Amino acid sequence: MKNSIRQFHKGQGLVEYGLLLLLIAFVTGLALNIAGVSMQDLYSQAISGLRGESSECNPLARAGSEWDSPDINFWRGGITQQAGGYEVCPLCGGLLPGLSGSDYELDLSGVQVASTNPTWNGYGITFRAENGNKGLNGYMFEVEKVNKNNPTRIYFSKWVNGTQIKPYIKMYYLPADIDWNNPPDMRVKVEGDTFTAYMDGQQVLQGKDKTYTEGSAGVFANAGTQLNFSNFLAGSLNCEEAQ
């Protein structure tokens, strides 16, 4: 009989302890919801932490169905979503909506280039940019071929009110074995006043400028090119270090 009473009290104590934990969890969750903190977000962050992941590795923005496209001055169209990727018509482009940062990494993958004219073929990754009242303002990493007899050149340029400013910030000619129609995946690292471009993980160009300190990022095509790509995203500089 004594053992039964002890087991009863022990079981009752566990039930009371469990109810107390539930009450604490409920009050904590209520307080977090009032403060605007999502329990689902906390759960996701906790799981990511247990897996050794970091919330900083989540993309800041990625390509979707919506783009902020200029409709004045030099550029005349936007980016359309296609099956398996995106299409940029000649003299078209767009910026990722909702992105306005200073330092980030940009990744452009699955690029395919179709020449629509024999001259001024090319495309660019825009960063720290905005579509102003008078045109595009910001920077661009450009891959360009003036005509079939000229080598492919890459350079960082600055745009002010829709006009490309010369001389360029930095320019370099790519080796002839680069496949123009199916170029390597590209990454642009934007940190402080320094911009670094990579192709298939190899650094190919670096430049410096202090004019623009923050803004969005996007993709643009030259007058002689129809551009297709599979994905474009902006990520935190700390992502690789956190992994």
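Give me P(r) over region 60-242, computed from all C-alpha to C-alpha distances, binned every 10 Å, as integer percentages.
Calculated over all Cα pairs of region 60-242, the distribution is 10, 42, 40, 8, 0 percent.
Using Cβ contacts closer than 10 Å as the measure, can you line up C239, C92 from fewest to most?
By the 10 Å Cβ count, ascending, the order reads C239, C92.
Kindly put L227, L91 in sequence by how many other C-beta atoms sit within 10 Å of each C-beta, fewest to most.
Fewest-to-most ranking of L227, L91: L91, L227.
In a shell of Cβ-Cβ distance under 15 Å around D179, excluding D179 itself, what net charge do Lys and Arg (+1) and Asp and Glu (-1) give?
Net local charge, D179 excluded: -1.
How high is the relative contact order of region 60-242? Use alpha-carbon pairs under 8 Å, at least six apart in sequence, and give a whole percent.
Dividing the mean separation by the residue count of region 60-242 yields 34 percent.
Taken together, the values in this text are just the output of simple stated rules run on the coordinates, not laboratory data. What you are looking at is a predicted structure, and each value in this text was computed from that prediction instead of being measured. Heads up, the Cβs are rebuilt from the backbone with ideal geometry, glycines too, and the neighbour counts pull from every protein chain shown.
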